[in-house]
1. R0 = 41 Å: FRET efficiency of ASP180 with GLU109, Cβ-based, nearest 0.05?
2. Under unit Cβ charges (Lys, Arg +1; Asp, Glu -1), what dipole magnitude, rounded to 20 debye, does segment 76-140 have relative to its Cα centre?
3. Sticking to Cα atoms, compute the Rg of the chain to one decimal and its Dmax as the biggest Cα-Cα distance, whole number, in Å.
4. So, with +1 on the Cβ of K and R and -1 on the Cβ of D and E, and no other charges, what is the size of the charge dipole of segment 1-61 about its Cα centre, to the nearest 20 debye?
5. Per DSSP H run of n ≥ 4, the term is -39500 (n - 2.57); total these for the chain, divide by its residue number, and report the mean residue ellipticity at 222 nm rounded to 500 deg cm²/dmol.
6. Considering the dipole of segment 134-180 built from charges on the beta carbon (Lys and Arg +1, Asp and Glu -1) around the Cα centre, which of ALA137, SER175, LEU163 is farthest to its positive end?
7. Picking from PRO85, GLY72, THR44, whose Cα lies most toward the positive end of the charge dipole for segment 34-98 (charges on Cβ: Lys, Arg +1; Asp, Glu -1)?
8. About the Cα centre, and with charges only on the beta carbon of Lys, Arg (+1) and Asp, Glu (-1), how big is the dipole of the chain? Nearest 20 debye, please.
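What follows is calculated from the coordinates using simple rules that are stated; it is not laboratory data. A quick note: this is a predicted structure, and the numbers were derived from the prediction, not measured. With ideal geometry, Cβ positions are generated from the backbone for all residues, glycine too; neighbour counts draw on all protein chains shown.
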Amino acid sequence: MKILTKESREIIESSIRDIPDFPKKGIIFKDITTILNNPTALKTLMNHLEERYREYNLDYVAGIDARGFIFGSILADRLNIGFVPVRKKGKLPYTTVCEKYEMEYGFDEVEVHIDAFPKENARVLLIDDLIATGGTAKAGVSLIKKVGANCVEACFILELDFLNGKDGIDTEVYSVIHID
Ligand code: AMP
């Protein structure tokens, strides 16, 4: 299912829960725990991502802390390639490279290990659950480049189109579900 069918889109979309005013007033938080505890929805989503990315000749999937770890690990395992965590500051034990950023509801910093992508000129897919303003994704793409790898695409389960987050991201962007 390289192109997502209408039926599959509905299965995934209907499994996402809206939580108003979390973590701040005015934010509608898109809760993906309700995809994770729904085996049909999770399998439908992961089958789609696996089929899309099988032909990309990827070397690694890099997932953003923390929900990007879940989808990214499953996808990396299905593609039989390595997984790299892009972590919040202060969590990785070895030498790191760091990037500060602003996102939909605050400021943060992410890091990767300096030797996270051992293969030369590695082809990397960046993945997270959601793109809002794009600040987090931009920091992730920048980190991948800083440590010498190529970010061939950034993938999101959800994109909040009205925030135009993908503008200015220095790679291709693919989002499974778009919210106007
Ligand atoms: P941004 O940097 O503004 O694109 O924010 C994206 C990051 O913040 C992702 O890691 C998301 O998990 C999280 N995030 C931002 N806005 C929301 C939202 N409305 N619902 C769920 N997660 C969000």
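1. 0.85
2. Charge dipole of segment 76-140: 160 debye, to the nearest 20.
3. 15.6, 45
4. Value, rounded to 20: 140 debye.
5. On the way: 5 runs with 52 residues, N = 180.
Computed mean residue ellipticity for the chain: -8500 deg cm²/dmol.
6. Farthest towards the positive end: ALA137.
7. PRO85
8. On the way: 23 positive and 29 negative charges, 71 e Å.
So the magnitude is around 340 debye.
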